[in-house]
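Colleague: Sharing a structure below in structure tokens format, with a few things to ask.
The numbers here are math on the coordinates, done by the rules we state, and not lab data. None of these values were measured; they are calculated from a predicted model. No Cβ is skipped: glycine too gets one built from the backbone with ideal geometry, and neighbour counts run over all protein chains shown.
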Amino acid sequence: MARIKSLKESVIQAWKPELQHLGFTYDHIRFCRDPDSFFQWGLWLQRNMREPSYRVNLALLVKNPLIENPGPEVVLMGCVCEDGVHLHHPQSSWWPEKKVAEALEPIKRYATPWFLKYSNAPFLADLLERAMREKKQLIEILEPLAESEITVPWLPINRFSGIAPIHLYLAAIMHFISGNRAKALKRAQDWSATVKDATQFFDADKIKAQTMLNALNRHA
């Protein structure tokens, strides 16, 4: 365990100067960058628990401007491979221990363009609306794969159907950031109605939904 920790720390230390040059800071858990007041970029190493390898994860996060003191929440995730950023996790997304330090070059080449592409509230609002119309997950639209490419023999096929509540929530945020208050209010109302009586949601979600509605009504 000490050797694994030492390897990860040495890689992170080696990456720090280059990633700091790209605007990232390290918070002892991940590299972060705040390109504006809404979006945050996250990058971190994930150890494979089955074999000696690592994955470089990326996360586009958003800070909800309709609540007080918002923490960053995930919008989209990907992983850095030698040929670019993938949303699905191919086997090639795992970097062997001896090569993980080499992931810095693909990070420098692909991470910032990927983040810039998706740190776009109007684009994300349209994407979320499409996902809801087609009743799909974002990954199915952005990186469609054949079923045989995303399933493994020992796992059942889990076909998604319906509108994901998180899409309603994120759409409200993206429409608001884009300046479309009417659409933001409509999606916040839809999300509030979804979480109001559903047992899988916590009281905190219901409070957040009402807080968003109150804020949007003030902006109306």
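Colleague: For the chain, set up a GNM with springs between Cα atoms under 10 Å and report which of Leu124, Leu170, Leu45 has the largest fluctuation.
Modeller: Of Leu124, Leu170, Leu45, the Gaussian network model singles out Leu45 as fluctuating most.
Colleague: State the Cα centre-to-centre distance between segment 38-83 and segment 189-220 in whole Å.
Modeller: Between the Cα centres of segment 38-83 and segment 189-220 lies a distance of 25 Å.
Colleague: Scan segment 1-86 for trypsin sites (Lys or Arg not before Pro) in coil per DSSP, keeping those whose Cβ has at most 13 other Cβ atoms within 10 Å, and list them by number. Don't skip to the answer; put the middle values down first.
Modeller: Details: sites: Arg3, Lys5, Lys8, Arg30, Arg33, Arg47, Arg50, Arg55, Lys63; in loops: Arg30, Arg50.
Taking segment 1-86 and a limit of 13 other Cβ atoms within 10 Å, the loop trypsin sites (Lys or Arg not before Pro) found are Arg50.
Colleague: Then there's this: Using the reciprocal of the averaged 1/r over all distinct C-alpha pairs, how large is the Kirkwood radius of segment 2-119 in Å? Write out the running numbers ahead of the final one.
Modeller: Working: mean 1/r = 0.0679 Å⁻¹.
Value: 14.7 Å, from the Cα pair sum.
Colleague: Just to be sure I follow the rule: in segment 1-117, considering lysines 8 or more places apart or on different chains, how many pairs have Cα atoms under 22 Å apart?
Modeller: Summing the qualifying lysine pairs gives 14.
Colleague: Right, something else. What angle, in degrees between 0 and 90 and rounded to the nearest 10, separates the Cα long axis of helix 2-21 from the longest principal axis of the Cα atoms of the chain?
Modeller: Computed tilt is about 70 degrees.
Colleague: Right, here's the next one. Taking Cα pairs under 8 Å and at least six residues apart, what relative contact order does the chain come out at, in percent? List each step's numbers first, then the result.
Modeller: Working: 288 pairs, mean separation 29.4, N = 220.
Normalised by residue count, the contact order of the chain is 13 percent.
Colleague: Pick the calculated mean projected area of the Cα convex hull in nm² for this structure from (i) 12.6; (ii) 13.8; (iii) 14.6?
Modeller: It is the value labelled (ii).
Colleague: Follow-up question, since we're still on this one. Relative to the longest principal axis of the chain, what angle (0 to 90°, nearest 10) does the C-alpha long axis of helix 121-134 take?
Modeller: Computed tilt is about 80 degrees.
Colleague: If you don't mind, another one. Taking springs between alpha-carbon atoms closer than 10 angstrom, which of Gly162, Gly42, Gly78 fluctuates most in the Gaussian network model of the chain?
Modeller: Its mean-square fluctuation being the largest, the pick is Gly162.
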